[in-house]
1. Compute the distance in nm between two label points, each set 7 Å from the Cα along the Cα-to-Cβ direction, one at Ile31 and one at Ser198.
2. Taking only Cα atoms, what is the 0 to 90° angle, nearest 10, from helix 105-125's long axis to the longest principal axis of the chain?
3. Determine, for Asp252, Asp42, the number of other Cβ atoms within 10 Å of each Cβ, and report the residues in order from fewest to most.
4. Based on the Kirkwood radius over alpha-carbon pairs, what is the Stokes-Einstein translational diffusion coefficient of the stretch 246-298 at 25 °C with 0.890 mPa s viscosity, in µm²/s?
5. If I stretch the segment between Ala154 and Asp104 completely, what's the gain in nm (0.36 nm per residue apart, minus their alpha carbon distance), one decimal?
6. Would you mind ranking Phe143, Phe128 by Cβ crowding within 10 Å, fewest neighbours first?
7. Among Asp56, Asp221, rank each residue by its count of other Cβ atoms within 10 Å, from fewest to most, as a rough exposure measure.
8. Could you list which residues have their amide H under 5 Å from that of Asp263, counting only those 5 or more apart in sequence or on another chain, with H placed in the peptide plane?
Amino acid sequence: MASIITNTSAQIALRSLSMTNAALEKTQQRISTGLRVGTAEDNAAYWSIATTMRSDRSALNTVKDALGLGAATVDVAYTGMNSAIDVVKEIKNKLVAARQPGVDRAKVQTEISELQNQLVNIGDSSVFSNENWLSVDSSAASFNATKTIVASFARSGGAVSVGTISIDITNVKLFDASGAATGILDELNGTYSVSTLSIAALTDSAADLTTLEGMITWTDDAISSMTTSAATLGSAKQRVNLQKDFVGSLMDAIDRGISTLVDADMTEESTKLQALQVQQQLGTQALSIANQSSQSILSLFR
């Protein structure tokens, strides 16, 4: 039946063209954004998972920055410790040279004093991001001998946790301004420490030579303690760098996981685009033909 009120063919052609236009719009959107799941409307489950994973990746990026900061802090302390070891070795050499009878120990002490000043300078200068692990004040209310570096971010069953790497600087510090003299270089052996010892007044008497030999032994013990501390810092630095590499690899893995869930296959979408463009052209022509069929009714009234 031919009707001027209802054009069934045109309705079918219009519906088909509308579906084609909607599919074409979605394909164009995927191509322009590179995403097949761009909003929760596309796929609520995948969108939710990807959003959570992006949040975790962002947190891991912050962790990586924190590890970089921590690695730099450890490196500064390690560098300062190595420099201090070299200076204390030189002090030890001066003390051994001063053991020789007849040596002008006052002049030797002049050199030692400059080396001691250099030790203080190294301790005070080994600072990064307001953190100084070599020269501390353990009596300060804010002091904590256990230093922590943010190392990981984990999610389990909806609960999140932040992991840290802990470094105890109790046996690393060179100077302690608290007055307790618990640093490696300001720790007292009776009345003197490595940073304060003086041989200017020592003579060749048996008692003074015994005192001088005690200073040599004490200085050698300090070098041994500093070497152990440098090894501790070196191990901590290695661990931080390994964790930093792991976090970087983990971020890459998360990126790949997100890509699998939401990224569009551009080869597939480009093929769809070409097919849909052809369908759109054919649908437009079909609608035009269907609309023209109504015009043929006019010929019946001529």
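Bear in mind that the values in this text are calculations on the coordinates, not laboratory data. Small disclaimer: the values here were computed from a predicted structure and weren't measured. We place every Cβ from the backbone using ideal geometry, glycine too, and count neighbours over all the protein chains shown.
1. So the label points at Ile31 and Ser198 sit 8.6 nm apart.
2. 20 degrees
3. Numbers: Asp252 11, Asp42 15.
With the fewest neighbours first, Asp252, Asp42 line up as Asp252, Asp42.
4. Working: Rh = 15.1 Å.
In µm²/s, the coefficient is 163.
5. On the way: separation 50, 0.36 × 50 = 18.00 nm, distance 6.42 nm.
Residue separation times 0.36 nm, minus the Cα-Cα distance, leaves 11.6 nm.
6. Numbers: Phe143 12, Phe128 17.
Ordered from fewest to most neighbouring Cβ atoms within 10 Å, Phe143, Phe128 come out as Phe143, Phe128.
7. Values: Asp56 17, Asp221 14.
Arranged by neighbour count, lowest to highest, Asp56, Asp221 become Asp221, Asp56.
8. Arg36
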